[in-house]
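The values are calculated or read from the model by the stated rules, or taken from the named source; none is laboratory data. Keep in mind the model is a prediction, meaning the values are calculated, not measured. Neighbour counts run over all protein chains shown; Cβ positions are idealised from the backbone, glycine included. Ligands, DNA and RNA are excluded from the accessible area calculation, which covers all protein heavy atoms including side chains. Shrake-Rupley method; radii C 1.70, N 1.55, O 1.52, S 1.80 Å.
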Amino acid sequence: MFGGDTLYELRCSLQLAETEREGGFSPHISPFTAVNDLGHLLGRAGFNTLTVDTDEIQVNYPGMFELMEDLQGMGESNCAWNRKALLHRDTMLAAAAVYQEMYRNEDGSVPATYQIYYMIGWKYHDSQARPAERGSATVSFGELGKINLVSQGKKSQ
């Protein structure tokens, strides 16, 4: 699932250009989720051992319009009901210029950052072993370094 910082370069460029040209802005990219919302969602679904991991991938494009074409091909256009249906041509050109000016790479391409969340949740079942009670350990972590392990009849050092 895409995370909240996905496409921040594009969102910022569109907001700056639309505010300058039209006196305000509306979202043109679907909203993304925050990592803590995923934890709450999994918890409400009954999962009690949760892991959420994040990865950031940067893809370089020749320009903003090629990025937007890719997004449209991925089915990632804005799905909000209350979105503004039209973005004026001069606003789009201004956004492309802002994107180039603020974020361009040395080779002239522009980056698009995708934040990806990976989620894992477990539900305990009666057949699974339960974790030991907190404080029930019989060996201290500090003592682990003193333990000699025997491997194939030889002592390891």
(request) Could you tell me what fraction of 2.2 N^0.38 Å the Cα radius of gyration of the chain comes to, as a two-decimal ratio? (result) 1.66
(request) Evaluate the distance, in nm, between pseudo-label points positioned 7 Å from the Cα of Arg134 and of Thr51 along their respective Cα→Cβ axes. (result) 2.1
(message) Cut-off 10 angstrom, C-alpha nodes, Gaussian network model of the chain. Which of Phe32, Phe65, Phe141 fluctuates the most?
(response) Phe141
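Largest first, what is the accessible-area ranking of Glu76, Glu106, Glu9 with a 1.4 Å probe? Spell out each step's value before the answer.
Working: Glu76 65, Glu106 195, Glu9 0 Å².
Result, largest first: Glu106, Glu76, Glu9.
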(request) Take the chain, connect every pair of alpha-carbon atoms lying under 10 Å apart with a spring to form a Gaussian network, then pick out the residue of Gly24, Gly142, Gly108 with the largest mean-square fluctuation. (result) Gly142
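Contour minus end-to-end for Ala97 and Ser77, with contour as 0.36 nm per residue of separation and end-to-end as the Cα-Cα distance?
Full-extension gain reported as 5.1 nm.
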(request) Compare Gln72, Gln15, Gln100 in a GNM of the chain, Cα atoms joined below 10 Å, and give the one with the largest fluctuation. (result) Gln72
(message) Just to confirm, what accessible area per residue do you get for segment 8-125 at 1.4 Å probe, in whole Å²?
(response) 65
(message) At a threshold of 8 angstrom on Cα-Cα distance, excluding pairs fewer than six apart, so keeping six or more, what relative contact order does the chain reach in percent?
(response) 36
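So how do Tyr8, Tyr103, Tyr117 rank on accessible area, 1.4 Å probe, biggest first, that is with the largest at the start?
Details: Tyr8 100, Tyr103 45, Tyr117 20 Å².
Ranked list, largest accessible area first: Tyr8, Tyr103, Tyr117.
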